[in-house]
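Working notes for the structure below.
The values are calculated or read from the model by the stated rules, or taken from the named source; none is laboratory data. Quantities reported herein were computed from a predicted structural model and do not represent experimental measurements. Cβ: placed from backbone, ideal geometry, glycine included. Neighbour counts: every protein chain shown. For the accessible areas, the whole protein counts, side chains as well, though only heavy atoms, and no ligand, DNA or RNA atoms are used. Shrake-Rupley method; radii C 1.70, N 1.55, O 1.52, S 1.80 Å.
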Amino acid sequence: MDKTEVLPKLREDFRMQNKSVFILGASGETGRVLLKEILEQSLFSKVTLIGRRKLTFHEEAYKNVSQEVVDFEKLDDYVSAFQGHDVGFCCLGTTRNKAGAEGFVRVDRDYVLKSAELAKAGGCKHFNLLSSVGADKSSNFLCLQIKGEVEARVEELKFDRYSVFRPAVLLCDRQEFRPGEWLLIKFFGSLPKSWASGYSVSVETVVRAMLNNAVRPSSEKMELLDNTAIHNLGKADSSL
Ligand SMILES: NC(=O)c1ccc[n+]([C@@H]2O[C@H](COP(=O)([O-])OP(=O)(O)OC[C@H]3O[C@@H](n4cnc5c(N)ncnc54)[C@H](OP(=O)(O)O)[C@@H]3O)[C@@H](O)[C@H]2O)c1
């Protein structure tokens, strides 16, 4: 089979399995693109968003999307929201600037970990975590330390398959204004593409990498995809 035919075939095989999926963080920059792409590719028989607020969609393509609105401070009261999903994508996150150090830890570690625990208990087989370049549980930087810690603690849950994505700076047209990130994005935009891709990646590429990875069978229990792997797997014409 020609290499370029592999991906469509994998997608087709995946569709035939009628899997269900949940997305945490579907209102965010990455989660929103992920949801759109999942619907465009018709990869799953059921799509559920789990979030702190109900999202409004006007397009026809979104009409069968289910939504579970939960209070992340009381996730044990929402066990049923996490039941019966084959695959889960976690794109939750906040920043220290926005939520303070304590708030950041609460969202990026505690909410993520508790959600993963409930998903595992609810039958999820493949958990996908959007983490960050530099994640390292022994880092001196809080953000990287928390990302590393949550990666490791989710691994302990022993999903059948666990995929961790560690992108560099996410390139997107962010709705919320984050001056530091805006400057970085402008800076990367001014660099030759081959340099910039070492330090950044578009959310579209991240999303394609997540989905191209999800549709390919894997015998690995844990997969760690760094920024380069994300670029390779997320190329529009990726032949895997
Ligand atoms: N920005 C970067 O350059 C970069 C680089 C590498 C990795 N990452 C990581 O990639 C992930 C996704 O980033 P992103 O920029 O796509 O995210 P984003 O646009 O900031 O969206 C974050 C999502 O998390 C939800 N969320 C935030 N605080 C919450 C809270 N207190 N309770 C419940 N839900 C909450 C948001 O819901 P609401 O819409 O309701 O607020 C939203 O759905 C994050 O983990 C981030 O750390 C980012």
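In nm, what is the difference between 0.36 nm times the number of residues separating GLU223 and LYS9 and their Cα-Cα distance?
Values: separation 214, 0.36 × 214 = 77.04 nm, distance 2.19 nm.
Difference between extended and current length: 74.9 nm.
When the Kirkwood hydrodynamic radius is evaluated over all pairs of different C-alpha atoms of the range 1-86, what value in angstrom, to one decimal, is obtained? Can you show the working numbers first?
Details: mean 1/r = 0.0704 Å⁻¹.
So the Kirkwood estimate lands at 14.2 Å.
My understanding is that a pair violates if its Cα-Cα distance is over 32 Å; which of LYS63/LYS114; LYS54/LYS120; LYS63/LYS158; LYS54/LYS125; LYS74/LYS125 do that in this structure? Walk me through the numbers on the way to the answer.
Values: LYS63/LYS114 29 Å; LYS54/LYS120 24 Å; LYS63/LYS158 34 Å; LYS54/LYS125 26 Å; LYS74/LYS125 24 Å.
Long pairs (Cα-Cα over 32 Å): LYS63/LYS158.
Looking at the chain, I'd like the Rg to Rh ratio, where Rg is from alpha-carbon atoms and Rh is Kirkwood's inverse mean 1/r.
The Rg/Rh ratio comes out at 0.94.
Along the charge dipole of the range 1-96, which of VAL69, VAL87, LEU43 sits closest to the positive end, that is, farthest toward it, with unit charges on the beta carbon of Lys, Arg, Asp and Glu (+1, +1, -1, -1)?
VAL69
Among DSSP beta bridges lying fully in the chain, give the percent that are antiparallel, nearest 5.
Antiparallel bridges make up about 0 percent of those DSSP assigns within the chain.
List every residue whose amide H lies under 5 Å from the amide H of ASN128, counting only residues 5 or more places away in sequence or on a different chain, with H placed 1.01 Å from N in the peptide plane.
Under 5 Å from the amide H of ASN128: GLY88, PHE89, CYS90, SER163.
Cα centroid distance between the range 80-97 and the range 200-218, in Å?
Distance between centres, Cα-based: 17 Å.
Calculate, in nm to one decimal, what SER45 and MET16 gain on full extension: separation in residues at 0.36 nm each, minus their alpha carbon distance.
Value of the extension gain: 9.5 nm.
Could you check how much of the accessible area of the chain is carbon and sulfur, as a whole percent, using a 1.4 Å probe?
50 percent
Could you tell me the ratio Rg/Rh of the range 68-165? Both radii from Cα atoms, Rh via Kirkwood. Could you put the intermediate results ahead of the total?
On the way: Rg = 13.1 Å, Rh = 13.6 Å.
Radius of gyration over Kirkwood radius for the range 68-165 works out to 0.96.
So which aspartates and glutamates can LYS147 reach, going by Cα to Cα under 15 Å and dropping same-chain residues fewer than 8 places off?
GLU102, ASP108, ASP110, ASP136, GLU155, GLU156, ASP226
In Å², what does the accessible area per residue of the range 60-126 work out to with a 1.4 Å probe?
50 Å²
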